[in-house]
Ligand SMILES: C[S@@+](CC[C@H](N)C(=O)[O-])C[C@H]1O[C@@H](n2cnc3c(N)ncnc32)[C@H](O)[C@@H]1O
């Protein structure tokens, strides 16, 4: 499959106007996938839509297609609750406190876009997927072992082999080892199509994945040694900055297994391999803070 020439695509101003955690390149990728790649055989899913940046990129893409979209509605998911780490950048000067709903802001941002759209408010692990085929799965919600395992079980079986794209927003950041473990479990069925620095990696589901593999919870069903071996394999499957990020992800995993000394040594080695890389430095610092906080 030729991945779209999305880097040549112009991002509309009404997409740029929405507050988002995504980079302009990530928004352009989503816009182009909805406009030029999706064919209506399956749904487009935006798992973790926050204030609507990703949703608006996808909705604008549906709006700007050559022919009217007749496929399933865009399906978006979020808790829509203010979290502490988002307050300074996104809610400064607002009366909203941690835990308050920002759903009205989301609704305001998506209101001008009239393509079919279903919003699922609440915990994605409880809501799950409705069972139809999924064509484009943008996943920006895998912030814990639990959510990762639940999404893997509920959504991934509905991807279409040979067709569906997984847009893994957090693959390129090194503090979420469950993502690298899940991708590694599915590795023989995937082909990586694109890599954006420190963030999104795009995978094509080339072949079906054994349902037993998708039912696996990497934390509950794999031994610590198996998890570390899989992470080593994931490191080998990456190069450049992404390789460093996945190695940092292994450092988190070592921390979870109580091997703090080995984790700190690995972090230093990664920094030495990527001198002057600000993203690696930020992720390395974040991993150290996480290790400290968890006492790992
Ligand atoms: C990194 S943000 C998404 C950024 C967004 N895609 C954008 O365009 O700015 C992750 C989102 O996942 C949501 N989230 C985290 N855990 C969730 C859960 N269990 N169920 C549903 N949403 C969840 C958070 O509320 C947050 O808005």
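Values in this text are rule-based calculations from the coordinates and carry no lab data. Keep in mind that this is a model prediction, so the values were computed, not measured. Positions of Cβ are generated from backbone atoms using ideal geometry, with glycine treated the same way; all protein chains shown enter the neighbour counts.
A few comments on the model shown:
- The alpha carbon centroids of segment 164-225 and segment 247-295 are separated by 20 Å.
- Centre separation in Å (Cα based) which lies between segment 14-80 and segment 230-245: 29 Å
- Helix 260-273 and the longest principal axis of the C-alpha atoms of the chain enclose an angle of approximately 70°.
- Residue 232-residue 67 FRET efficiency (beta carbon distance; Förster radius 41 Å; 0.05 resolution): 0.30
- GNM result for the chain, Cα springs below 10 Å: residue of 51, 264, 231 fluctuating most strongly: 264
- Taking every DSSP helix (H) stretch of at least 4 residues in the chain, weighting each as -39,500 (n - 2.57) and dividing the sum by the residue count yields a mean residue ellipticity at 222 nm of -12500 deg cm²/dmol.
- Additional length obtainable on full extension of the chain from residue 81 to residue 114, 0.36 nm per residue less Cα span: 9.4 nm
- On Cα atoms only, tilt of 224-236 relative to the major axis of the chain in degrees: 70 degrees
- With each label modelled as a point 7 angstrom along the Cα→C-beta vector, the residue 126-residue 212 pair spans 3.3 nm.
- Angle between the chain longest axis and helix 240-256 axis [Cα atoms, degrees, rounded to 10]: 60 degrees
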